[in-house]
Amino acid sequence: MGETQEAHGVAPAFEDLGELRARLGAYLTQATGAEVVVEKLVKFPAGFSWITYSARLAGFPQARDIIVRIGPPYGLFAPYSAMIEFDALSALEGAAVPAPRVYFASDDPDILGAPFFLCEKVEGDTPLPWGSQGQALGGARRETLAADFIEALAHLHMFDWRATPLARRGEAVTLDNAAQLQIDDWQARFQRWALRPHPMAHRTLGWLRAHAPRAQRVSLVHGDYRLGNFLERDGRISAILDWELVHLGDPVEDLGWAFLPQYRGGTTLVCGLASEADFLARYEAHSGLTVDRGALKFYLVFSLLKLAFTHMAAARCFEDGRFNDLRMPAMATQIAPVFRQIAKILELAA
């Protein structure tokens, strides 16, 4: 392999704000045929994966302010591709799912230094799944957010992706193999990320393969649907965010992730919004699907394993020196507690 910019101590293009402003302006000028100037570029401080910037533009026909997301080679889920997220959000434009409008995307690193996509800047704040903010969701505000959150998920899962360019991505996904494909994907990630043997991971993978359910439907799956990944404005959800794990699969997968205790904001409620019974009743009423409780249990175990693997990715990033954020090794301390959660569920299932 050739030497990287980082090997010579040179910051990648997307980490130099002056360089990034110039490249972004040149790209948008060429892409739109209009003279586009990036007047202001601000990097968001949060995030472990994609780097996110807010850009103020002059001359861009679609918007004054946009969001720029770049997948760095040292990010949590690297290597990245922007195109599945771009295709999914493009397909959802005009649908009943509150999602940002996307403008452009590319995996060509010569443009901005890494894969990227550009989308609209949606107004709103993000309720967090930890601490007092999550616990403060109550009364009419919580009821409204719960209704928006559940209905948006139902609309996503009933969206007719086969009538869009996503159809080519769904050719290999069937009712019979949707779960197995996700197990394969995450097992491959585990093999890349693990720093040492994890017998509990292999036990869980074996259990998942033996109990994989048949999907009722192949749907567009968000992959990270939870409290903390949507914007709230005036008490309503203005946009569902963080689509980097979007894929085609079993819709119950999103329910398993949303049901994780880690996202309950210190409450007994799913994502701090609704009881399990209420969540499922509303979801089934809006989607027309009947959620098989056995499949939900499967995807809860799958989601816990996915969470453990994500913590392993954090440890790998830190140990390899790719991401010098002390929150990464802190995340790694959660691997064992998550495995204990899985073990308790499997013991009850025995």
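The values are calculated or read from the model by the stated rules, or taken from the named source; none is laboratory data. All values reported here derive from a predicted model rather than from experimental measurement. Please note: Cβ atoms are built from the backbone with ideal geometry, for glycine as well, and neighbour counts cover all protein chains shown. Ligands, DNA and RNA are stripped out before the accessible areas are found, and what is left, the full protein with its side chains, is counted by its heavy atoms. Shrake-Rupley method; radii C 1.70, N 1.55, O 1.52, S 1.80 Å.
Looking only at residues in segment 250-271 that are open to solvent by less than 30 Å² (accessible area, probe 1.4 Å) and on the phi > 0 side of the Ramachandran plot, which one is modelled with the highest pLDDT? Only one residue tops the list, namely Cys271. Take Gly139 and tell me if it is under 24 Å from Pro98 (Cα atoms), surrounded by fewer than 18 Cβ atoms within 10 Å (Cβ to Cβ) and either over 15 Å from the mean Cα position of the chain (by Cα) or among the hydrophobic types (A, V, I, L, M, F, W, C) (or both). In short, yes. Among helices (runs of 4 or more DSSP H) entirely within segment 1-115, having at least 3 residues that are within 30 Å of Ile150 (Cβ to Cβ) singles out 83-92.
I'd like the full set of residues that are open to solvent by 50 Å² or more (accessible area, probe 1.4 Å), in contact with a Phe, Trp or Tyr (Cβ under 8 Å, 6 or more places away or on another chain) and modelled with pLDDT of 85 or more, limited to segment 314-325.
Restricting attention to segment 314-325, the residues satisfying the condition of being open to solvent by 50 Å² or more (accessible area, probe 1.4 Å) are 316, 318-320, 322, 324.
Keeping just the survivors that are in contact with a Phe, Trp or Tyr (Cβ under 8 Å, 6 or more places away or on another chain) gives 316, 322, 324.
Arg316, the sole residue that qualifies.
For segment 168-195, filtered to residues that are among the basic types (Lys, Arg) and closer than 22 Å to Arg209 by Cα, the residue that is surrounded by the most Cβ atoms within 10 Å (Cβ to Cβ) is Arg189. Only a single criterion out of (1) part of a helix (DSSP H, G or I); (2) touching a residue at least 12 places away in the same chain (Cβ under 8 Å); (3) not β-branched (Val, Ile, Thr) is not satisfied by Glu347, namely (2).
Here the condition is being touching a Phe, Trp or Tyr at 6+ places or on another chain (Cβ under 7 Å), open to solvent by less than 20 Å² (accessible area, probe 1.4 Å) and farther than 17 Å from Asp242 by Cβ; of Leu28, Leu89, it holds for Leu28 alone. Listed by position, the helices (runs of 4 or more DSSP H) inside segment 251-323 whose residues that are under 21 Å from Leu205 (Cβ atoms) number at least 1 are 252-258, 293-319. Kindly check whether there is at least one residue in segment 213-232 that is among the acidic types (Asp, Glu), in a loop (DSSP other than H, G, I, E, B) and open to solvent by less than 40 Å² (accessible area, probe 1.4 Å). Within segment 213-232, one or more residues are among the acidic types (Asp, Glu), in a loop (DSSP other than H, G, I, E, B) and open to solvent by less than 40 Å² (accessible area, probe 1.4 Å).
Residues in segment 68-79 that are modelled with pLDDT under 95 and open to solvent by 20 Å² or more (accessible area, probe 1.4 Å): Pro73, Tyr74, Phe77, Pro79.
Only one of the numbered conditions (1) open to solvent by 10 Å² or more (accessible area, probe 1.4 Å); (2) out of contact with any strand residue (DSSP E or B) (no Cβ under 7 Å at 6 or more places or on another chain); (3) farther than 30 Å from Thr268 by Cα; (4) modelled with pLDDT of 95 or more is violated by Phe104, and that is (2).
Note on segment 156-167: residues that are over 16 Å from Val252 (Cβ atoms), open to solvent by 40 Å² or more (accessible area, probe 1.4 Å) and touching a residue at least 24 places away in the same chain (Cβ under 8 Å) total 1.
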